[in-house]
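*Asks:* Quick one: structure below, then a few questions.
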Amino acid sequence: MISIIVPTYNERENLEELFERIAKALERKEFEIIVVDDDSPDRTWEKAEELAKEYPMKVIRRTNERGLSSAVIRGFEEARGEIFVVMDADLQHPPEVIPELIKAIENGADIAIASRYVRGGKVENWYWWRKLISRGAIMIGRVALPKIRGIRDPVSGFFALKRKVVEGVELNPVGFKILLEILIKGRYSKVVEIPFTFGLRSSGESKLSNKQILNYLRHLYRLMKWEGEIDRLVKFSIVGLSGIVVNEGSLLGFVEFLGWDKRIAVIPATELSILNNFIWNDLWTFKDIKKKPIHLRLLNFHLAALTGALVQWSIYLILLYLGVNYLIANLFGIGFSFVVRFLFNRNITWG
């Protein structure tokens, strides 16, 4: 049994074509369609109930709850199948791709994603700014959540999965990127991406809004916290502050007590602060993800420090050129440098 979960809101005009194409695509499979409608003003739920006479369907009309992700979760709860397929009703997700997703699951994948960004996939007739937002959202997600780094389209709304992936898993997403939540919290070992063409919306309104963009960022923050990445970032910050103390204290000692030249003393002082930071990060911040020998970790940590310094210097000079006050320019440089060093160390030195 395959359960096709379709969250809807004002999609009345698309339903007949959608169900006809689903039925044709799955004519040799046993399937059910679960429509979860958020009490659409255009009475989408009513149209779905009419069509339930022709197709194997369950219609759920929610009057006290809203949201695409929670609608999908409700669909999971109502589904009888061992394979779930999640898709939109706006016909941008072509039902003809469903058999390919099912085949990937039957061949051993736990999750099969209809992807716009693998070879063979594409997006039709999007404005450049919409493409930029989509690509930017994915890039931010892959940086913030290392677990999904190898997935090209982790925010796709069109995917299939085995029931066991979400069975017993507490899902609590913000916004409409339910797949992201599943990829972080679900029980799975193999993900496959199937290329597809993200088509034109047939009718209805786009779900993208400023509120949804903010919800996506909130969702990322919550998942980072759930994964422990926020705690790791805080630890990295504390270690960095200790490095400043070591650097300043060493410089003071070398100059005032040993009488070294100030221009020379800064070099060993900097190296001591780097070693201090490396030791504490190795023992505390990244202790659970050590994958390389210690000499390679130490080398990469020095490279991260150098890369961060170059970024800080570059940002500083660019902002100076643009007329920004030198202290503010340096502050921005330090901020960018911190982010670069954290990501370098999280994903390369210890990752």
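A short reminder: the numbers here are calculations on the coordinates, not readings from a lab. Since the model is a prediction, treat every value here as computed from it, not as a measurement. Positions of Cβ are backbone-derived with ideal geometry, glycine not excepted, and every protein chain shown enters the neighbour counts.
*Asks:* If you restrict to DSSP beta bridges whose two residues both lie in the chain, what percentage is antiparallel, to the nearest 5?
*Replies:* Roughly 25 percent of the DSSP beta bridges within the chain come out antiparallel.
*Asks:* Over 26 Å apart: what share of the alpha carbon pairs of the chain falls there, rounded to a whole percent?
*Replies:* Summing the P(r) of the chain above 26 Å gives 59 percent of all pairs.
*Asks:* Return a whole-number percent for the relative contact order of the range 229-349, with Cα pairs under 8 Å and 6 or more residues apart as the contact set.
*Replies:* Worked out over the range 229-349, it gives 24 percent.
*Asks:* Quick one: putting +1 on the C-beta of Lys and Arg, -1 on the C-beta of Asp and Glu, what dipole do you get for the range 229-349 around its Cα centre, in Debye to the nearest 20?
*Replies:* The calculated dipole for the range 229-349 is roughly 420 debye.
*Asks:* Turning to a different aspect of this structure: If each Cα of the range 133-287 is one equal point scatterer, what is log10 of I(q)/I(0) from the Debye formula at q = 0.11, 0.20 Å⁻¹?
*Replies:* For the requested q values the scattering log ratios are -0.63, -1.24.
*Asks:* Could you state the principal axis extents of the C-alpha atoms in the range 1-140, from the largest down, to the nearest angstrom?
*Replies:* Over the range 1-140, Cα extents along the principal axes are 40, 37, 25 Å.
*Asks:* Calculate I(q)/I(0) for the range 220-267 by the Debye formula, one identical point scatterer on each C-alpha and no solvent, and give its log10 at q = 0.26, 0.30, 0.32 Å⁻¹ to two decimals.
*Replies:* -0.86, -0.96, -1.01
*Asks:* Right, something else. Mind running the shape call on the range 68-126? Use the C-alpha gyration tensor, a ≥ b ≥ c as the square roots of the eigenvalues: rounded below 1.5 for a/c, prolate if a/b tops b/c, oblate otherwise.
*Replies:* It is oblate, given that a/c is not under 1.5 and a/b is not larger than b/c.
*Asks:* Would you mind getting me the FRET efficiency between residue 263 and residue 314? Use the beta-carbon distance for r and R0 = 25 Å, nearest 0.05.
*Replies:* Approximately 0.60, to the nearest 0.05.
*Asks:* Report the paramagnetic label zone for residue 130: residues of the range 83-104 whose backbone N is under 11 Å from a point 7 Å from Cα along the Cα-to-Cβ axis.
*Replies:* Taking a point 7 Å out along Cα→Cβ of residue 130, the residues of the range 83-104 whose backbone N falls under 11 Å are 92.
*Asks:* Relative to the longest principal Cα axis of the chain, at what angle does helix 326-344 sit, 0 to 90 degrees, rounded to 10?
*Replies:* 60
*Asks:* For the chain, what is the mean residue ellipticity at 222 nm derived from helices alone (per DSSP H run of n ≥ 4: -39500 (n - 2.57); sum divided by total residues; nearest 500 deg cm²/dmol)?
*Replies:* Mean residue ellipticity at 222 nm (helix-derived): -16500 deg cm²/dmol.
*Asks:* I'd like the FRET efficiency for residue 283 and residue 167, computed as 1/(1 + (r/R0)^6) with the beta carbon distance as r and R0 of 30 Å, rounded to 0.05.
*Replies:* The value I calculate is 0.20.
*Asks:* While we're on this one: Under the 0.36 nm per residue contour assumption, what length would be gained going from the current alpha-carbon distance of residue 237 and residue 302 to full extension?
*Replies:* 21.7 nm
*Asks:* Say the cut-off is 18 Å between C-alpha atoms; which of 185/225; 24/177; 24/47; 185/211; 103/190; 58/190 go over it?
*Replies:* Violating the 18 Å limit, Cα to Cα: 24/177; 24/47; 185/211; 58/190.
*Asks:* Would you mind computing Rg(Cα) / (2.2 N^0.38 Å) for the range 229-349, counting N as its residues?
*Replies:* 1.14
*Asks:* Right, here's the next one. Given a Förster radius of 22 Å and the C-beta distance between residue 188 and residue 103 as r, what FRET efficiency does 1/(1 + (r/R0)^6) yield to the nearest 0.05?
*Replies:* My answer for the efficiency is 0.80.
*Asks:* Still on this model: Roughly speaking, what is the centre-to-centre gap between the range 1-71 and the range 77-113 when only Cα atoms are used, to the nearest Å?
*Replies:* 15
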